[in-house]
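Trainee: Dropping the structure in here first, questions after.
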Amino acid sequence: MTTFKYKALRAQQAPDHDIFCFAAHPHDVLKFSEIERVGRDESGTLKGFQRHQVASHIKEIRDYLGREDALLPNAVIIAFIGGVKIRELGDGLIEASIKVDADKPGFVVDGQQRLSALAGLDKPEFQVFVSALVCKDYNELRQQFVLINNTRPLPKTLIYELLPQVEGLPERFTNRKFSARVVERLNHLRGGALFHDIRQHTNPGGVLSDAAMQRLVMNSTAQGAIRDFIRYEDYEERSVKLINEFFEAVKTVFSSEWVGMSPRTSRIRHGAGLVALGFVMEHLYTHANATSSEDFIPGLKLLRDNGHTAWTSGQWYLSDDDIRPWNGIQNTPTDIDILANHLVRRLKRELRHVRRVA
């Protein structure tokens, strides 16, 4: 066991939380704290929280810090889960004792690129400021990571992917958290229609926009099927099942426009197409009682067979004075509304015709 001792300045902030600051050598910081990178295990469970290293950014920092006159006034932030003992010295000063055994008690919340850059330098006298906080558990640590980094240029995909794992966040995260959880489950549902098809921080090979899929879920939560499901205890399960069944039908009906395509080559895989299709799902759920892929297929075929879609070629006849090439739909709120209205309007007309004939 190794013990690091530092004289530190403690700040009085939230009760029952210790917040303090001290100076330390970067190599020592990395001896008592982990840079835990985000990833998933074989079962799809999310592990860690830090984004992956950006080599060019680290090199840029290292090139600067290698200079003799380099300064680094901004502190790295380390969160501890146990392993820290504090002794009062008076006048706001403390002695912080950090014990390291088999596991490091600290986790880097902010400053991983700076620490990685400094780890490759031979500057034995160079110290960094460390702002430290002691968390009661791993959930609180992740909560602090999200709150601290949400105001900085951290990839939104990483923030959104972490949300389902974090409790106690502000209310403005609630809808996004639920939608992120549903999208996460869809993306890791083995045998599902969207398995590993959604681009996330831990799944960079996916091609569907996680933000677009989350928007589809949030729209449904606000005014669609998922809003109906909320009265049930298993509403999350119902939500995942409905969306998965709908996209099974989409893959069946529009297989040539879906399979092997990207947002660049097919507008059905594009953010605008995904969100607009969400409104098609809602209309079929409400007016055709569709809940399974078999239920959704007839309505989708009406759109395909009657020339109302132009996912990969041809033209969109959105209105008498709005005719666009297949790739003329952009991922903007206005174009999404136009496309959604077009698809739902055409679907309503085709369903009315089917009922009249029947």
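Trainee: Here are some conditions: (1) modelled with pLDDT of 95 or more; (2) of a type outside the set (Lys, Arg); (3) over 21 Å from residue 343 (Cβ atoms); (4) outside any helix (DSSP H, G or I). Residue 233 meets all but one. Which one does it not meet?
Mentor: Among (1) modelled with pLDDT of 95 or more; (2) of a type outside the set (Lys, Arg); (3) over 21 Å from residue 343 (Cβ atoms); (4) outside any helix (DSSP H, G or I), residue 233 violates only (1).
Trainee: Only one residue in 269, 304, 264 is open to solvent by less than 20 Å² (accessible area, probe 1.4 Å) and either touching a residue at least 24 places away in the same chain (Cβ under 8 Å) or outside any helix (DSSP H, G or I) (or both). Which one?
Mentor: 269
Trainee: May I pose another question? With the requirement that a residue be among the charged types (D, E, K, R) and either modelled with pLDDT under 80 or at positive phi (or both), what does the range 111-136 give you?
Mentor: 122, 136
Trainee: Testing residue 100 on (1) modelled with pLDDT of 85 or more; (2) of a type in the set (A, V, I, L, M); (3) within 19 Å of residue 10 (Cα to Cα), one condition comes back false. Which one is that?
Mentor: Status for residue 100: all satisfied but (3).
Trainee: Those residues that are open to solvent by 50 Å² or more (accessible area, probe 1.4 Å) and either in contact with a strand residue (DSSP E or B) (Cβ under 8 Å, 6 or more places away or on another chain) or part of a helix (DSSP H, G or I) (or both), I need them from the range 315-325; list them, please.
Mentor: Of the range 315-325, the ones open to solvent by 50 Å² or more (accessible area, probe 1.4 Å) are 315, 317, 320-321, 323, 325.
315, 317, 323, 325, listed by residue number.
Trainee: How do the strands (runs of 3 or more DSSP E) wholly within the range 63-143 filter down when requiring 3 or more residues that are in contact with a Cys (Cβ under 8 Å, 6 or more places away or on another chain) and surrounded by 15 or more Cβ atoms within 10 Å (Cβ to Cβ): which remain? Show your work before the answer.
Mentor: Values: elements: 76-80, 84-90, 93-100, 106-110, 128-134.
Where strands (runs of 3 or more DSSP E) fall fully within the range 63-143 and carry at least 3 residues being in contact with a Cys (Cβ under 8 Å, 6 or more places away or on another chain) and surrounded by 15 or more Cβ atoms within 10 Å (Cβ to Cβ), they are 128-134.
Trainee: Continuing with this model, one more query. Only one of (1) touching a Phe, Trp or Tyr at 6+ places or on another chain (Cβ under 9 Å); (2) in a helix (DSSP H, G or I); (3) over 24 Å from residue 242 (Cβ atoms) is not met by residue 343, so which one is it?
Mentor: The failed condition is (3).
Trainee: Of all residues in the range 168-196, count the ones that are open to solvent by less than 40 Å² (accessible area, probe 1.4 Å), at pLDDT 95 or above and more than 14 Å from the chain's Cα centre (by Cα).
Mentor: 3
Trainee: Does residue 277 count as open to solvent by less than 50 Å² (accessible area, probe 1.4 Å), closer than 24 Å to residue 195 by Cβ and touching a residue at least 60 places away in the same chain (Cβ under 8 Å)? Spell out how you get there, then give the answer.
Mentor: Details: open to solvent by less than 50 Å² (accessible area, probe 1.4 Å): yes; closer than 24 Å to residue 195 by Cβ: yes; touching a residue at least 60 places away in the same chain (Cβ under 8 Å): yes.
Judged against the criteria, residue 277 is a match.
The values are calculated or read from the model by the stated rules, or taken from the named source; none is laboratory data. Quantities reported herein were computed from a predicted structural model and do not represent experimental measurements. Don't worry about glycine lacking a Cβ; one is built from the backbone with ideal geometry, like all the others, and counts go over all protein chains shown. Accessible surface areas use protein heavy atoms only, side chains included; no ligands, DNA or RNA. Shrake-Rupley method; radii C 1.70, N 1.55, O 1.52, S 1.80 Å.
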